[in-house]
Amino acid sequence: MGRRSLASLAALAAVVLIAGVVQVPAAGQTASSATTGAKAWTPPRTADGKPDLQGIWSDNTLTPFERPKSLGAKEFYTDQEVVELAKRVREGRPGEEIEGAQLGAANPQAVRYDLELYGFDRTKLRYTSKRTSLIVGPEGVIPPMLPQARERNAARAAKNKGHEFDSHEQRSLSERCILMGQEAIPMTPGANEGNLLQIVQGPGYVTLLHEIDHSTRVIPTDGRPHLPQSIRQWQGDSVGRWEGNTLVVDTTNFTNMTAFRGSSENLHLVERFTRASDDTMIYQFTVEDPATWARPWTAEIPWTKTKGPVYEYACHEGNTMITTILRGARVEEEAALKKGK
Amino acid sequence: MRIRLRDSVIPGLTTAVFLLLAAMLSAQAPSYRAPRAADGKPNLNGIWQAVNTADWDLQGHAAAKGPVASLGAAFAVPPGLSVVEGDEIPYLPAAAVKKRQNQANWTTLDPESKCYLPGVPRATYLPYPFQIVQSPQNILMSYEYAGAVRVVNMGAPTKAPGDSWMGWSNGRWEGDTLVIDVTSMLDNTWFDRAGNFHSDALHVVERYTPRSADTLTYEATIEDPKVFSRPWKISMPLYRRVEKDARLLEFKCVEFAEELMYGTLRKKSSN
């Protein structure tokens, strides 16, 4: 609950503002050609001749990260099925869980910080491809975690258990505004919060600004090697290269605290950015971490061109939550002590 | 002879002196022509850094004892000349009092101690590099400190959607100079560790002028009628980080500020 409240409170200003300006296609509209790559499309070029990925993008989508079990190996919906699903979302009752739809913050919660409160229009939520899950392939789910990885993650959780309110160090990275869910790479959509990404290109660099926590990656494309292994960063070290019309970004050097879905510091991430049409970018990533999963796995997320502006998301600057949580815990301890006497 | 001297030599000398003066004056104006980007505009791409003590104090200052005794000379205040034109910051009387209070309590009050976004112009001369990534439509400035960032709009000027820490930047080219008009900044940022501050009426006009392949002249005119009696100006060179493989590294400083901000709220028995 704490985490949810923070995410909501910290994002409130940005969310409210974005709600008014983000233009999204009507529900049910799909970018079907985007994911199949059926249509040849020549992307525009920058002044120095590189594929031009620039603009403001949104990774909003209803497609769930993992495939609902009932769908088995079904990787794609038919056009008709997507239309029907979108209609169910549009007409769904608040609180109704819809299999095959990731409603995220659009789902009412115990503490009411849902999108309706912020003026969001549930009927604007949409599918951006016919995929049944963002994870590609016959399984459509994250491979089972290796026993050693499960132990590693369980040990970490156990260490924190009973100490959750001891100090700021025990709070989550997102609560502390160090690394929020959506800015952490690889970038995965939160169903409807401010998923705006702005790309600006200069000679030899592609920069990617994620609205969430003003997270900025300056990615060199000049073929330089990774940083030495001794330098570890929350967002790792990213180096890029062009493969035809695709920007391929290779990232290593993560910290042992970054832990993307339970990964280790040896996580190796490869992201591929390909424009598929004037208003669609295909963002694909593959994660590889032999200390966590037996095999690499891949997800594909269509991004939609949208209008700005990208707002400043000053999470830490407005973070009153850590203070409130810790003070609350200390007050409770004191009260308990008094009661015991 | 005497007459000829007065009639022709002196006017001739006067002309020569005038021409010499004119030449000296024009030498002070930027005669360097910057290399061009692919779109024909001056190419400011690169990683830049100020090499001065402006973040300690915009005005001239002698060396001083640092705020943390245990760090000894390692965190002493380094001396520095003023980057303020005329070395005077024209505070209104009440604001001058607040500036002195800020300075007396800077270790706890300075937004830099808390890893807050630095605002403009401070982002430029913090002791960390920043990178300019230039496209025809936008110029992105990525600052190592706190992962701060701003995107300068190079198209038709747009209006800020709201106030922010880093402000709203509209840019244009004036010859070789990148001129950025920055508005809509919150009043939470400072100019330096000496407590120099501003209100939400701050308006900054920055000028980035190439002066050689690896240096820029940075100027910022600061206007804030609630705090200052007149606009004032800072000026300093910026240097290119020319190291092979120079790059911005991650300085997500929140975790370095947490003990200062939340340390007193630790559970007593937990440490």
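The values are calculated or read from the model by the stated rules, or taken from the named source; none is laboratory data. Just so it is clear, the structure is predicted and the values come from calculations on it, not from any experiment. Quick reminder, even Gly has a Cβ in these numbers, built from the backbone with ideal geometry, and neighbours come from all protein chains shown.
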Can you name the residue in region A:196-217 that is outside any strand (DSSP E or B) and in contact (Cβ under 8 Å) with a residue 24 or more places away in the chain and, of all such residues, is farthest from B:MET166 (Cα to Cα)? A:PRO203
For A:GLU139, indicate whether it is closer than 21 Å to A:ASP289 by Cβ and modelled with pLDDT under 95. yes
Between B:ASN170, B:ASN188, which is assigned to a loop (DSSP other than H, G, I, E, B), at pLDDT 95 or above and surrounded by fewer than 20 Cβ atoms within 10 Å (Cβ to Cβ)? B:ASN188
If you go through region A:230-284 one residue at a time, how many are surrounded by 21 or more Cβ atoms within 10 Å (Cβ to Cβ) and part of a helix (DSSP H, G or I)? 0
Residues being farther than 29 Å from A:GLY204 by Cα, touching a residue at least 24 places away in the same chain (Cβ under 8 Å) and either within 7 Å of chain A (Cβ to nearest Cβ) or part of a loop (DSSP other than H, G, I, E, B) (or both): count how many of those fall in region B:232-268. 1
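This table checks each residue for (1) at pLDDT below 90; (2) closer than 30 Å to A:ARG241 by Cα; (3) in contact with a strand residue (DSSP E or B) (Cβ under 7 Å, 6 or more places away or on another chain).
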site: A:VAL22; (1), (2), (3): yes, no, yes
site: A:GLY28; (1), (2), (3): yes, no, no
site: A:ALA38; (1), (2), (3): yes, yes, no
site: A:THR42; (1), (2), (3): yes, yes, no
site: A:LYS50; (1), (2), (3): no, yes, yes
site: A:GLY55; (1), (2), (3): no, yes, yes
site: A:PRO68; (1), (2), (3): no, no, no
site: A:VAL83; (1), (2), (3): no, no, no
site: A:LEU103; (1), (2), (3): yes, no, no
Quick one: what pairs do we get from region A:304-317, first residue within 25 Å of A:LEU62 (Cα to Cα) and more than 7 Å from every other protein chain (Cβ to nearest Cβ), second crowded, with 20+ Cβ neighbours inside 10 Å and among the aromatic types (Phe, Trp, Tyr), C-beta under 8 Å, 6+ apart or different chains? A:THR304/A:TRP57; A:LYS305/A:TRP57; A:THR306/A:TRP57
Taking interchain pairs and intrachain pairs at least six residues apart, which have beta carbon atoms under 7 angstrom, with the first residue in region A:218-230 and within 15 Å of B:LEU248 (Cα to Cα) and within 11 Å of chain B (Cβ to nearest Cβ) and the second small (Gly, Ala, Ser) and part of a strand (DSSP E or B)? A:VAL218/B:SER142; A:ILE219/A:SER238; A:ILE219/A:GLY240; A:PRO220/A:GLY240
Residues A:GLU183, A:GLU175: which one is under 19 Å from A:GLN235 (Cβ atoms), in contact with a His (Cβ under 6 Å, 6 or more places away or on another chain) and assigned to a loop (DSSP other than H, G, I, E, B)? A:GLU183
Taking region B:95-122 and keeping only residues that are assigned to a helix (DSSP H, G or I) and of a type in the set (A, V, I, L, M, F, W, C), one is left with B:ALA95, B:ALA96, B:VAL97, B:ALA104, B:TRP106, B:LEU109
Would you point out which residue out of B:ASP224, B:ASP245 is modelled with pLDDT under 95 and of a type in the set (Asp, Glu)? B:ASP245
So which residues in region B:107-136 are within 27 Å of A:HIS316 (Cα to Cα), at pLDDT 95 or above and more than 19 Å from the chain's Cα centre (by Cα), if there are any at all? B:LEU109, B:LYS114
Restricting to region A:142-162, give me the number of residues that are modelled with pLDDT of 95 or more, surrounded by fewer than 10 Cβ atoms within 10 Å (Cβ to Cβ) and not in a helix (DSSP H, G or I). 0
Total residues in region B:154-185, condition within 9 Å of chain A (Cβ to nearest Cβ) and either among the aliphatic types (A, V, I, L, M) or closer than 24 Å to A:ASP48 by Cα (or both): 2
